[in-house]
Amino acid sequence: MSDMSSKAALPTLPVRRDLPTGSDDGLVVVSVGWRFVVEYAAAYTGAIIMLIAPLVVTLALKLDALVGDRAPTRLALVAGLGSLVAMVGNPVFGRLSDRTTSPLGMRRPWVLVGLVGGAAGTVTVALAPNVAVVVLGWCVAQLFLNAVLAALLAVLPDQVPPRQRGLGSG
């Protein structure tokens, strides 16, 4: 196995995690490997799918089953309120994850909490007997899934050196 292929197979992290990867203090920042890039892309894609799939299909079907012809206006209400919650939740959870000190790291606790809360909100929507519960469930899902997104977005500048960020983000 060549030296180049062994480097690509193993993820590596910055030498010092308490400084930004672009620091000018002379520290060597080690490149991330393909495994990190693939895992990061899979995590981010999964989080986006958890947000988009219910919005595009499930909410409309659920509201149609609950209120029939009034579903389009109720969908606008649900989506609008969920968007407001997301607008507030994302920066709040981003700030919290920046300040978290945990044995699991700064970001991982918020990803885990967000996944559990987002799943609970999504199940609430699925089992909702009326529009008010759909609104509540979707707002909970938006709040917690935005915790996942905020933590995942912050992983990129935390772990990936500036010269690799294009590869890591897209």
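The values are calculated or read from the model by the stated rules, or taken from the named source; none is laboratory data. Remember, it's a predicted structure, so these values are computed and weren't measured experimentally. Virtual Cβ from ideal backbone geometry, glycine too; neighbours counted across all protein chains shown. Keep in mind that these areas ignore ligands, DNA and RNA; they rest on the heavy atoms of the full protein, side chains included. Shrake-Rupley method; radii C 1.70, N 1.55, O 1.52, S 1.80 Å.
Between the beta carbons of LEU61 and THR101, assuming R0 = 41 Å, the FRET efficiency works out to 0.45 to the nearest 0.05.
Counting protein heavy atoms only, the range 75-170 has 73 percent of its accessible area on carbon and sulfur, 1.4 angstrom probe. With a point put 7 Å past each Cα toward its Cβ, work out how far VAL116 is from SER31 in nm, to one decimal. Taking the two extended label points, one gets 3.8 nm.
Place a label point 7 angstrom from the Cα of VAL92 along the Cα-to-Cβ direction, then list the residues of the range 125-160 whose backbone nitrogen is under 16 Å away. Answer for the range 125-160: 136-151.
Could you check how many percent of all C-alpha pairs in the range 47-170 are farther apart than 24 Å? I get 34 percent for the Cα pairs in the range 47-170 exceeding 24 Å.
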